[in-house]
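Here is the structure we will look at.
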Amino acid sequence: MDSASLGHFSWTNYDAALFDLDGVLTPTAEVHMRAWEKMFNDYLGELEGQTPYTEQDYFDYVDGKPRYEGVQSFLDSRSIDLPFGEPEDESEAVTVCGLGNRKNELFTQVLRDGGIEAYPGSLQLLDHLKSIGVQMAVVSSSKNAPDVLAVAGIADRFPIVVHGGVAAEKNIPGKPRPDTYTFAAQELGLDSRRCVVFEDAISGVQAGAAGDFGLVVGVDRGAGVESLTTNGAGIVVADLNELI
């Protein structure tokens with residue numbers, strides 16, 4: 001949004017910031033995008049009559065969702081029917097879980113080979129929030145979130161990390177449901193209405209809008225200001241340091 005809208009924002013109205021990870025704190029969304037693209041296009045190349053997976057497919061069907069839900073959503077968009085399988089499926093298995101696990105192997109390899117650093121503007125906001133006593137948590141659909149935080153060197157900043165593994169273990173519905181964000185607020189011991197949700201994905205801002213949170217901040221890393229606003233963002237920024 002414009003600077004006039006940002007001008008009404010004040011951290012004195014909030015007690016915590018609940019951050020999505022990929023695309024908000026770290027540019028791992030790009031790593032995820034490359035891994036999804038290779039996995040899906042390798043699979044689609046084995047089928048007849050299928051056009052290649054695109055970046056728009058990522059934003060429309062995959063971005064921000066738990067891994068297997070992202071696979072299922074994309075397959076549904078192409079009317080491809082596969083058995084769901086089991087989370088323990090080998091990556092070679094032609095199941096929803098197998099494809100998801102194949103993507104995860106690709107992501108892990110890229111992360112290990114290339115590393116990751118937090119966005120400079122995100123680090124600036126994290127430093128600011130620490131200085132003014134605003135609590136912080138990470139809420140990510142990815143089971144890889146602890147590894148990403150560790151590689152980026154920011155794991156010690158977040159006492160609460162609600163990632164895909166936590167959600168699966170505790171049977172918490174994922175985004176676009178608000179439950180993982182609500183759980184993070186509860187773990188911090190705070191009223192969700194005093195918490196700000198930060199999201200770059202459409203499913204993420206939908207999750208924030210569906211819950212009883214003080215504000216949903218959309219971070220435009222490619223989804224678009226209009227899409228983020230339409231789906232529930234109260235403020236849209238290009239970089240987190242705009243809210244210092």
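The numbers here are math on the coordinates, done by the rules we state, and not lab data. Predicted model only: the values in this text are computed from it and were never measured. Glycine also receives a Cβ, built like all others from the backbone with ideal geometry; neighbour counts cover every protein chain displayed.
I'd like the orientation of helix 179-188 relative to the chain: the angle between its Cα long axis and the longest Cα principal axis, in ° from 0 to 90, rounded to 10.
Helix 179-188 sits roughly 40 degrees off the main axis of the chain.
Please give the contour-minus-distance gain from Ala150 to Asp212: 0.36 nm per residue of separation, less the Cα-Cα distance, rounded to one decimal in nm.
Values: separation 62, 0.36 × 62 = 22.32 nm, distance 3.03 nm.
Value of the extension gain: 19.3 nm.
Please list the radius of gyration and Dmax for region 1-105, considering alpha-carbon atoms only, with Å as the unit.
Looking at region 1-105, its Cα Rg and Dmax stand at 17.7, 57 Å.
Can you give me the distance in nm between label points at Asp60 and Glu187, each placed 7 Å from the Cα along the Cα-to-Cβ direction?
It works out to 3.4 nm between the two label points.
Where in region 1-60 are there GluC sites (Glu not before Pro) that are in a DSSP coil and have at most 11 other Cβ atoms within 10 angstrom of their Cβ?
Numbers: sites: Glu30, Glu37, Glu46, Glu48, Glu55; in loops: Glu46, Glu48.
Passing sites in region 1-60 are Glu46, Glu48.
Any chance you could run the full-extension gain for Asn41 through Asn241? It's 0.36 nm times the residue separation minus the Cα-Cα distance, nm to one decimal.
Working: separation 200, 0.36 × 200 = 72.00 nm, distance 3.60 nm.
The span from Asn41 to Asn241 would gain 68.4 nm if fully extended.
Of all the Cα-Cα pairs you can form in region 124-238, what percent are over 24 Å apart? Don't skip to the answer; put the middle values down first.
Numbers: 1420 of 6555 pairs.
It works out to 22 percent of all Cα pairs.
Show me, for region 50-56, the HN-Hα J-couplings you get by feeding each phi into the Karplus relation (A = 6.51, B = -1.76, C = 1.60, θ = phi - 60°), rounded to Hz, glycine and proline as x.
9, 7, x, 5, 10, 4, 5
For n ≥ 4 DSSP H runs only, could you compute -39500 (n - 2.57) per run for the chain, divide by its residues and tell me the 222 nm figure to the nearest 500? Intermediate values should be presented prior to the final figure.
On the way: 10 runs with 104 residues, N = 244.
Only helices count here, giving -12500 deg cm²/dmol.
Label points 7 Å out from Cα along the Cβ direction at Ile132 and Asp113: separation in nm?
Spacing of the two 7 Å Cα→Cβ label points: 4.2 nm.
Give the calculated FRET efficiency between Val94 and Thr51 to the nearest 0.05, with a Förster radius of 22 Å applied to their Cβ-Cβ distance. Intermediate results must be reported in sequence, preceding the final value.
Values: r = 19 Å, r/R0 = 0.88.
So, using R0 = 22 Å, E works out to roughly 0.70.
Once you've got the Cα coordinates, tell me which of Lys130/Lys170; Lys65/Lys130; Lys143/Lys170; Lys38/Lys170; Lys103/Lys130 are over 23 Å apart. The partial results should precede the final answer.
On the way: Lys130/Lys170 29 Å; Lys65/Lys130 29 Å; Lys143/Lys170 13 Å; Lys38/Lys170 31 Å; Lys103/Lys130 35 Å.
Where the Cα-Cα span goes over 23 Å, the pairs concerned are Lys130/Lys170; Lys65/Lys130; Lys38/Lys170; Lys103/Lys130.
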